[in-house]
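First the structure, in the form of structure tokens, and then the observations on it.
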């Protein structure tokens, strides 16, 4: 069994547990679906990825928790899936919605490099965004080519006395 299959099995188990505890439409269920969708996207299982991510979106919209960075990220990934599948119009729709939410919740001011990448994607200049070196540029390259260049170690969090 591959690492991907084991991870998806664990996510499936977590999904079932959360659905039992919180119901089918809780944001904690949606977060598992988001992770499952990202895993499938990275494994190039685009149909499954989109199914999980669209279910995440449905739950978040129903709960009125769709104006968040996670939701923007999912829209961005679904846009990428459409682009990979040759559906440029649908890709632009998703990226436009992501950009609108991104701006609407004030993330564009905090992350101008990401706003620029989304602007480039919407203007059709996605090659420029991939080369930008910005967060979304690296994300796009990483998710479509999935190469880990260098592992980083995080320092442990210091706890104040």
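Any idea which residue in the stretch 20-38 is nearest to the chain's Cα centre (by Cα), counting only those that are in a helix (DSSP H, G or I) and free of Cβ contacts under 8 Å to residues at least 12 places away in the same chain?
28
I need a count of the residues in the stretch 39-60 that are more than 20 Å from residue 92 (Cβ to Cβ) and either out of contact with any helix residue (DSSP H, G or I) (no Cβ under 8 Å at 6 or more places or on another chain) or in contact (Cβ under 8 Å) with a residue 60 or more places away in the chain (or both).
Total satisfying the criteria: 5.
Just checking, does the stretch 42-51 include any residue being farther than 22 Å from residue 30 by Cβ and modelled with pLDDT of 85 or more? Outline the logic, then answer.
If we filter the stretch 42-51 for residues that are farther than 22 Å from residue 30 by Cβ, which is where we start, we get 44.
From what's left, modelled with pLDDT of 85 or more: 44.
So far as the stretch 42-51 goes, yes, one or more of its residues are farther than 22 Å from residue 30 by Cβ and modelled with pLDDT of 85 or more.
Working only within the stretch 1-16, note down all residues that are in contact with a helix residue (DSSP H, G or I) (Cβ under 9 Å, 6 or more places away or on another chain), without any contact (Cβ under 8 Å) to a residue 24 or more places away in the chain and not in a loop (DSSP other than H, G, I, E, B).
Those that are in contact with a helix residue (DSSP H, G or I) (Cβ under 9 Å, 6 or more places away or on another chain), without any contact (Cβ under 8 Å) to a residue 24 or more places away in the chain and not in a loop (DSSP other than H, G, I, E, B): 14, 15.
Does residue 97 satisfy being assigned to a helix (DSSP H, G or I), free of Cβ contacts under 8 Å to residues at least 40 places away in the same chain and within 26 Å of residue 51 (Cα to Cα)?
Numbers: assigned to a helix (DSSP H, G or I): yes; free of Cβ contacts under 8 Å to residues at least 40 places away in the same chain: yes; within 26 Å of residue 51 (Cα to Cα): yes.
Yes: the conditions hold for residue 97.
The values are calculated or read from the model by the stated rules, or taken from the named source; none is laboratory data. Note that this is a predicted model, so its numbers are computed, not measured. Note that we place each Cβ from the backbone using ideal geometry, even for glycine, and neighbour counts take in every protein chain shown.
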